[in-house]
Amino acid sequence: MNDRAIQSIPAYPAEQFQVEIGANMGDGLSVLDELVLDDIYQLAPTATAKRLGLISGTDGQFYVAQDTELGTVGAQLHLDSAVTLMPQSGDNVEALVMVEVDPEGLIAAIYLVPMMPMEVAQPYTLVRAEQDSARRKLAQLACVSFTRGTRITMATGAQKPIEDLKPGDRILTRDEGVQELRWIGQSTARAVGRMAPVLIRAGVLNNAADLLVSPDHRLLVYQRRDEFGTGCPELLVRARDLVNGDSVQVLDGGFVDYFQLLFDRHHIVYAEGIAAESLFLDPVTQSALPHEILDRMSPNLGEQHRRDAHGVDLNKALLDRPDAVSLLKRASLR
């Protein structure tokens, strides 16, 4: 299996999300054909979201990744549907239903993947269930994005707000100099759960100003001294793995405008002076692109979009220390 990308998404086993009132009373969450609108679900009192590791293969299929808390490593996953759940109070919750199958193609497990936090004591009414939007919503979870106001370094060295960029603009990249921007995506999301952006305060990683990015956005840190024992000077670090509640925080609440930058291949650009990745195109994120753009990019999808060309993904376990952020900064300065 030639893996293109690994995502880590919070999920609940179906048996922890059961119908309390309705046609399927007593049953756990099921597949689209068996769902009944207006059934009222509730999370079990002991329910806890766990990490579902997701690999997207070049064949367009999904599999359970090795770094997972749920499922059988290597098992195939099907994206069954997207559902909308209406709580007794508060905003609707958008979620995905994913199905793990065994080698014979039979259902082995079903998972609820919420796009925002859920409460265990809250009744949720199923008000919508469909397949058409499922891929697009999964892409929203996976796309690396900058936020409105982020200044991107242009070919001239000038910095330009990301919302003012347009296709054809010439942007400075760390790996291949000046490159033309092929597409810029924009979406507005509720800044909660997996969609809440991460704030990296000015100066924390030698950035000139505050930087606000999507939680899975990878930043490139060049180590002048190998502080983490990776054997590689170039590290890719997920923003969410840097969160310490102080100099790096999750900004939860309200809405956020996200922007995605796409080039002919995966590049490292400069945002507020920090080296950060452009949109990584793979079988998960490609659903976020317009068809005319995707048709042009697809022939070179595997060859042109590779993260490992830019450095080593720094394992979260190596960052599980109170001084991790300051250590990264020191490593880049020595």
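The values are calculated or read from the model by the stated rules, or taken from the named source; none is laboratory data. Everything quoted here is computed from the prediction, not taken from an experiment. Cβ: placed from backbone, ideal geometry, glycine included. Neighbour counts: every protein chain shown. Just so you know, the surface numbers come from the protein's heavy atoms only, side chains and all, with ligands and any DNA or RNA stripped out. Shrake-Rupley method; radii C 1.70, N 1.55, O 1.52, S 1.80 Å.
Of the residues Ile40, Ile55, the single one that is at negative phi and buried (at least 20 other Cβ atoms within 10 Å of the Cβ) is Ile55. Check whether at least one residue in segment 111-133 is at pLDDT 85 or above and at positive phi, and report yes or no. No, segment 111-133 has no match at all. Kindly indicate the residue of segment 20-45 that is touching a helix residue (DSSP H, G or I) at 6+ places or on another chain (Cβ under 8 Å) and polar (S, T, N, Q) and also farthest from Val284 (Cα to Cα) among those meeting that condition. Here the answer is Asn24. The requirement of being modelled with pLDDT under 75, out of contact with any strand residue (DSSP E or B) (no Cβ under 8 Å at 6 or more places or on another chain), open to solvent by 40 Å² or more (accessible area, probe 1.4 Å) and more than 21 Å from Ala331 (Cα to Cα) is not satisfied by Arg265.
For segment 1-120, which strands (runs of 3 or more DSSP E) that fit wholly inside it have 3 or more residues that are of a type outside the set (A, V, I, L, M, F, W, C)? Write out each step before concluding.
Numbers: elements: 3-13, 17-21, 40-43, 50-57, 62-64, 76-87, 93-101, 107-114.
Of the strands (runs of 3 or more DSSP E) lying wholly inside segment 1-120, those with at least 3 residues that are of a type outside the set (A, V, I, L, M, F, W, C) span 3-13, 50-57, 76-87.
Restricting attention to segment 278-295, which residues are open to solvent by 10 Å² or more (accessible area, probe 1.4 Å) and in contact (Cβ under 8 Å) with a residue 24 or more places away in the chain? Across segment 278-295, the qualifying residues are Gln286, Ser287, Ala288, Leu289, Pro290, Ile293. For segment 63-81, a residue qualifies if it is more than 24 Å from Met118 (Cα to Cα) and free of Cβ contacts under 8 Å to residues at least 40 places away in the same chain, and the qualifying residues are Gln66, Thr72, Val73, Ala75, Gln76.
Just so you know, in segment 114-141 the residues that are surrounded by 15 or more Cβ atoms within 10 Å (Cβ to Cβ) and of a type in the set (Lys, Arg) include one that is nearest to Leu29 (Cα to Cα), and it is Arg128. All of (1) touching a Gly at 6+ places or on another chain (Cβ under 8 Å); (2) at pLDDT 90 or above; (3) over 20 Å from Gly193 (Cα atoms) hold for Gly74 with one exception: (1). For Glu15, the criteria (1) in contact with a Gly (Cβ under 6 Å, 6 or more places away or on another chain); (2) open to solvent by less than 80 Å² (accessible area, probe 1.4 Å); (3) over 20 Å from Pro283 (Cβ atoms) hold in every case but one, which is (2).
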